[in-house]
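Asks: Supplied in C-alpha cells, the structure appears directly below.
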Amino acid sequence: MKKGRKAFWNNIKFKYKLTIINENTLEEVIGIHVSKLNGMSVLLSAVTIIFLIAAVIIAFTPLRNYLPGYMNSEVREQIVSNALRADSLQEALTRQNMYIMNIQDILSGNVRVDTVQSIDSLTIVRSEELMERTREEEEFRKQYEERERYNLTSVNGSGTSDLIFHRPTRGMISAGFDAEKGHYGLDIVSNPNESVLAVLDGTVLMATYTADSGYIIAVLHGQDMVSVYKHCGVLLKKQGDTVKAGEAIALVGKSGEKTSGTHSHFELWNTGHALDPSKYIVF
C-alpha cells in the first residue's frame with residue numbers, strides 16, 4: 001500500500017523537461033522542467049482566477065440581473081410598476097371601447113341623438129385621458145384655431161333645411177360614398193397637417209383613437225346631424241368642446257391601420273343614417 005502511494009507521488013512529481021530548440025542550429029533556446037503536479041497546480045490556479053473574475057463581474061455589474069433568481073429590488077419594483085401600469089392601460093382601453101360602442105349606437109340610431117348629453121351615463125366613469133395633448137399639439141391648435149373659413153354651401157332638404165356647411169378640409173376626393181361596400185363617407189387627399197374644419201356649429205361628441213381609424217373626432221350638430229372625421233394626425237379639440245362652423249378641430253394625417261396615405265375620411269350622419277356628403281357640400 002505504501003509502495004503504491006509512493007509510486008503515485010513519484011509519478012506526479014516526476015519532472016519532464018520541455019525544450020524549445022532552434023531548428024537550424026539545434027541550439028536549445030528555452031528549457032523548462034515541469035511535472036504533472038505543477039501542471040495541475042497551474043490549471044487549478046487559472047480556473048480559480050477565472051471563477052473569481054466572473055464572480056466579481058456578476059456581483060458588481062448589471063449582468064447579475066440576467067441570472068434567474070438574482071434580480072435586485074430596484075428591477076423587481078420596476079417590473080411590478082410596469083405590470084400595474086399595463087393593467088391600468090388595459091382597463092382604460094376597455095372603457096374607451098365601451099364608450100365607442102355607445103357612440104356607434106347613437107350613429108346607427110339605436111340611441112336617440114337628443115339624449116347624447118347623458119352618454120357618459122352609458123359608460124363606466126372614464127379615468128384620465130389615455131393620451132394627453134403635447135405642447136406641439138397645443139401650438140398647432142393656436143396656429144390653426146383662427147384659420148380662414150371658406151367654401152360655404154347652403155343645403156335645403158329633409159332634415160337638413162337651411163343648413164350651411166363648411167368644407168371639412170381642402171383637397172381632392174380619392175374615394176366616394178358607397179354604402180353598399182360599407183364606405184359611408186368620402187376620402188379626401190390633402191397635404192399633411194392641413195386643417196380639418198367643423199362643417200357646422202356643434203359640440204364634440206367624441207375625440208379618441210382606434211387601431212383601424214386612428215385619431216377620430218365626431219361633432220354633434222343641430223337637426224340630429226353628426227359629422228365624423230377619421231385618420232387625423234392631431235386632434236385639436238376634446239370631448240365636450242363647443243365648436244363653430246369652419247373652426248379647426250384637427251389636422252390631416254394618416255393614423256390608423258386602415259389607411260393608405262395622408263388623407264381625411266369624412267362622414268355625415270342624420271338620425272342614424274349615413275348621408276353622401278358630396279350632395280350637401282361642394283368640394
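Asks: When you scan region 29-57, how many residues do you find that are within 22 Å of residue 8 (Cα to Cα) and either in contact with a helix residue (DSSP H, G or I) (Cβ under 8 Å, 6 or more places away or on another chain) or surrounded by fewer than 10 Cβ atoms within 10 Å (Cβ to Cβ) (or both)?
Replies: Residues flagged as within 22 Å of residue 8 (Cα to Cα) and either in contact with a helix residue (DSSP H, G or I) (Cβ under 8 Å, 6 or more places away or on another chain) or surrounded by fewer than 10 Cβ atoms within 10 Å (Cβ to Cβ) (or both) within region 29-57 amount to 4.
Asks: Against the conditions (1) more than 14 Å from residue 277 (Cα to Cα); (2) at pLDDT below 90, where does residue 196 fall short? Just the number, please.
Replies: Single failed check for residue 196: (2).
The values are calculated or read from the model by the stated rules, or taken from the named source; none is laboratory data. Everything numeric here is computed off the predicted structure, so don't read it as measured data. Here the Cβ is made from the backbone with ideal geometry for all residues, glycine too, and neighbour counts use every protein chain on show.
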